[in-house]
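The values are calculated or read from the model by the stated rules, or taken from the named source; none is laboratory data. These numbers were taken from a predicted model, which means no experiment stands behind them. Note: ideal-geometry Cβ built from the backbone for every residue, glycine included; neighbour counts use all protein chains shown.
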Amino acid sequence: MGEQKTVVIGVTGGIAAYKALDLVSKLKKSNFNVHVIMTKSAAEFVNPLSFQSLSQNFVIKDMFEDPKTWDIEHISLAKKADVMIICPATVNIIGKVANGIADDMLSTTIMATKAPVIFAPAANSNMYLNAIVQDNINKLKGFGYKFIEPDSGRLACGDEGKGKLANIDVILENIKTTLYDLKDLKGKKVLVTAGPTISFIDPVRFITNKSSGKMGYAIAEEARDRGAHVTLISGPSNEVPPIGVDFLEIQTNSEMRDEVLKIYDSMDVVVKAAAVADYKIAEYSEEKIKKQNDELSIKLIKDVDILQELGKNKKTQILIGFAAESENLINNAKAKMEKKNLDYIVANNIKSSEIGFNSMENVVTIIKANGKEISLEKMTKRLVARELFNIVNDKKR
């Protein structure tokens, strides 16, 4: 993402203020420059020294305290900020900003910045759902301010309901996505498939393949960060579903086909990174197959070819496939691309144990429908995803 980005965190007076310490810590570990502004009420919940120690910057609390630098601090931080996150955001700060009130350092800095501002509310559920508060939130959304919805659960006051501060990892991902340097997929709908599919033999056994889902999940994250509305349909995987995407887990080839076809026509870009099974069990056994002889034969039959079906029914979508090959990599990939009417295919050799399945890195060649080949060096799968969308969006490459 280039040079170090600056995040200004506004901490307001709620019991969830202590959770902002974790956010500061994780932002620093992600190489962000972090400045913290606390309201007087927030300082009653958490000692400012804690934020100062974690952020490694002076904490600003009062508009009239002795300045730590020569410049006007609320204007300085407003200009330095690449993004502001209000965490936790009380209904008080939401109401102030919604009504143009700037009477302390935090509200003044929010008013003065041109950076994106994200509110992460935390409040008693009755307060949060109060019509006045909701009106203020909608008003701010109309002005372009972003909100991270609070979670539901047991609140500090003992009530159950919506109002818990969103998970810190969710807030962190929202910040990273907001700051991502490419937004060329904004307004686009992207469908990604990932992981393996399985074919059941009996109630306890099945056949599958070695796909981990890492490549597809990385593509979904890249598309999300570039501004797309992303749907990720995945076979069984140990990967954590990316925050901020529509996620659906399936098991079989048929289940994946059904879910893909439900939304295919509305998609702008479809990336079929899943390792879909070519064959399935001819006859599923309703009962567990008992061990009888030294040998067991299982008949396999060809399963439905989802990618080929998508290619036949393609309209305006950009359709991208993957070819995992052990020999004749480029020729086999080009033949697959032509047969399945793809716009791009990503070819990778599965023979190397250092890349591909279950690895964090990959070496691929991206082939365009016109036959042009673009070979990439060994890189992380997230960087492969970035290069893939760079190529798709740059028609000159």
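What to note about this one:
- Any hit, the stretch 276-283, residues being within 26 Å of residue 315 (Cβ to Cβ) and touching a Leu at 6+ places or on another chain (Cβ under 8 Å): yes
- Scan of the stretch 79-119 for residues that are in contact with a Gly (Cβ under 7 Å, 6 or more places away or on another chain), part of a strand (DSSP E or B) and either outside the structural domain of residue 23 (by TED's automatic domain parsing) or not β-branched (Val, Ile, Thr) (or both), ordered by number: 84, 88
- Some residue of the stretch 5-12 being without any contact (Cβ under 8 Å) to a residue 40 or more places away in the chain, closer than 21 Å to residue 113 by Cβ and either surrounded by fewer than 15 Cβ atoms within 10 Å (Cβ to Cβ) or in contact with a Ser or Thr (Cβ under 9 Å, 6 or more places away or on another chain) (or both): no
- The listed residues are 135, 184, and the only one of them that is over 25 Å from residue 13 (Cα atoms) and either touching a Cys at 6+ places or on another chain (Cβ under 9 Å) or not assigned by TED's automatic domain parsing to the domain that holds residue 248 (or both) turns out to be 184.
- Residue selection: residue 164 satisfies the criterion of being of a type in the set (D, E, K, R), assigned by TED's automatic domain parsing to the domain that holds residue 15 and in contact with an Asp or Glu (Cβ under 6 Å, 6 or more places away or on another chain).
- Restricting 281, 320 to those that are more than 30 Å from residue 391 (Cα to Cα), buried (at least 17 other Cβ atoms within 10 Å of the Cβ), in contact (Cβ under 8 Å) with a residue 40 or more places away in the chain and assigned by TED's automatic domain parsing to the domain that holds residue 345 reduces the list to 281.
- Look at (1) modelled with pLDDT under 95; (2) within 28 Å of the chain's Cα centre (by Cα); (3) outside any loop (DSSP other than H, G, I, E, B); (4) surrounded by fewer than 17 Cβ atoms within 10 Å (Cβ to Cβ) and you find that residue 75 fails only one, number (2).
- Across the stretch 154-211, the qualifying residues are those that are on the phi > 0 side of the Ramachandran plot and touching a Ser or Thr at 6+ places or on another chain (Cβ under 6 Å), and the one among them that is surrounded by the most Cβ atoms within 10 Å (Cβ to Cβ) is 195.
- Of the numbered criteria (1) among the acidic types (Asp, Glu); (2) free of Cβ contacts under 8 Å to residues at least 40 places away in the same chain; (3) assigned to a loop (DSSP other than H, G, I, E, B), the one residue 287 fails is (2).
- For the stretch 376-394, residues that are exposed (fewer than 15 other Cβ atoms within 10 Å of the Cβ) and without any contact (Cβ under 8 Å) to a residue 12 or more places away in the chain total 1.
- Qualifying residue in the stretch 81-95 (condition: in contact with a Leu (Cβ under 8 Å, 6 or more places away or on another chain), at pLDDT 95 or above, under 25 Å from residue 5 (Cα atoms) and surrounded by fewer than 20 Cβ atoms within 10 Å (Cβ to Cβ)): yes
Here's the yes/no breakdown for (1) at pLDDT below 95; (2) within 21 Å of residue 210 (Cβ to Cβ):
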{"residue": "299", "(1), (2)": "yes, no"}
{"residue": "313", "(1), (2)": "no, no"}
{"residue": "323", "(1), (2)": "yes, yes"}
{"residue": "379", "(1), (2)": "yes, yes"}
{"residue": "390", "(1), (2)": "no, no"}
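One line per residue, one yes/no per condition, for (1) within 18 Å of residue 83 (Cβ to Cβ); (2) over 25 Å from the mean Cα position of the chain (by Cα); (3) at pLDDT 95 or above:
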site	(1), (2), (3)
24	yes, no, yes
29	yes, no, yes
37	yes, yes, yes
53	no, yes, yes
58	no, yes, no
